[in-house]
Amino acid sequence: MNRRLFFSIIALFSGMLNDLPTVHLIPDCSISKVENFPEFMVAIYQIQATITTLSIALISLMSGVSNETIYGVSISHYIMQMKPKVLKHKNIIIFLLSLILINYFFISFKFYNLVISVFILTIVLIIFMSVEIFEVFKGREPLKKEIGNHIKGKYTEIKLLDTLFNDTLTAIDRDETLRFKENMDLLIIIFEKSIKNFINDKALVAKWENNLIEIFSKGLGKTRGKILKMSYEYFDQIYSILFKERDIAAVRINNGEAKHDISLNLI
């Protein structure tokens with residue numbers, strides 16, 4: 001189970017147990033022995049609301065510091081919204097704001113230990129978010145590997161494929177050799193995995209056909225440069241994969257002077 005979700009459940013459950021007079025699973029070390037208790041609870045509530053709103057604002061600001069993309073995926077967008085976890089940042093932010101309202105009712109009904117539990121939970125969740133946001137600054141290579149693995153694990157998702165295809169086309173237009181190489185290396189791996197699904201997924205076939213034609217038309221259409229040379233190499237790799245999997249798909253390649261086509265014909 002996701003550690004944040006696990007901790008959230010434990011924190012709320014512990015506070016609830018300590019607020020039930022008939023349950024004695026937790027030793028009697030309750031915060032309810034504090035004097036001037038109502039004022040203390042209001043202070044805790046105000047601190048929670050202030051920390052939550054300021055932290056969300058700061059984390060949002062930090063996440064926007066890096067506009068860099070890897071495989072067409074924004075690093076900040078990946079960390080905050082795409083990372084494969086139960087409680088993504090956008091869900092945590094909604095949850096933290098909800099806790100402010102929830103704690104108001106806990107104070108009203110004098111569930112004081114739950115108030116403290118929610119306060120501690122708020123602090124811990126903010127710490128979790130802050131630590132993950134600092135991943136933006138830990139370097140490109142670890143994030144490149146992580147995002148690459150994420151895309152490989154979801155290689156049939158059309159939206160992710162479109163992002164990678166479009167970023168590859170942009171790399172060709174801008175003559176960004178390294179970006180083109182990184183994207184094509186990943187595309188070759190994904191293509192080899194995807195070909196097994198071609199028989200049952202015609203939409204996936206069409207997606208690969210159309211985008212490979214466009215990529216190689218642009219890459220092989222260049223008159224000089226490294227991208228032109230690499231395009232021929234990647235074109236040969238695609239052909240080799242299709243030839244190896246000829247029991248699944250046949251390939252028609254037209255290496256005409258002005259046109260380079262790849263057609264995936266299921267047999």
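The values are calculated or read from the model by the stated rules, or taken from the named source; none is laboratory data. Values in this document were obtained by computation on a predicted structure and should not be read as measured data. With ideal geometry, Cβ positions are generated from the backbone for all residues, glycine too; neighbour counts draw on all protein chains shown.
Among the candidates I107, I127, the residue that is within 22 Å of P38 (Cβ to Cβ), in the same structural domain as Q46 (by TED's automatic domain parsing) and among the hydrophobic types (A, V, I, L, M, F, W, C) is uniquely I107. For beta carbons closer than 8 Å, sequence separation of 6+ or different chains, a first residue in the stretch 47-67 that is exposed (fewer than 14 other Cβ atoms within 10 Å of the Cβ) and a second that is outside any helix (DSSP H, G or I) and at pLDDT 70 or above, the qualifying pairs are N67/S74.
Checked against the criterion of being surrounded by 18 or more Cβ atoms within 10 Å (Cβ to Cβ), of a type outside the set (F, W, Y), over 25 Å from F243 (Cα atoms) and assigned by TED's automatic domain parsing to the domain that holds F235, the stretch 180-196 has no qualifying residue.
Out of the stretch 122-171, which residues are closer than 30 Å to Q46 by Cβ and over 14 Å from the mean Cα position of the chain (by Cα)? T122, I123, V124, L125, I126, I127, F128, S130, V131, F134, listed by residue number. So which of K110, K90 is part of a loop (DSSP other than H, G, I, E, B) and modelled with pLDDT of 75 or more? The conditions single out K110. Which of the residues belonging to the stretch 180-237 are of a type in the set (F, W, Y) and closer than 20 Å to D162 by Cα? Scanning the stretch 180-237 gives F180, F191, F198, W208, F216, Y234, F235. When we screen I116, I126 for residues that are assigned to a helix (DSSP H, G or I), closer than 19 Å to T53 by Cβ and out of contact with any strand residue (DSSP E or B) (no Cβ under 9 Å at 6 or more places or on another chain), the only hit is I126.
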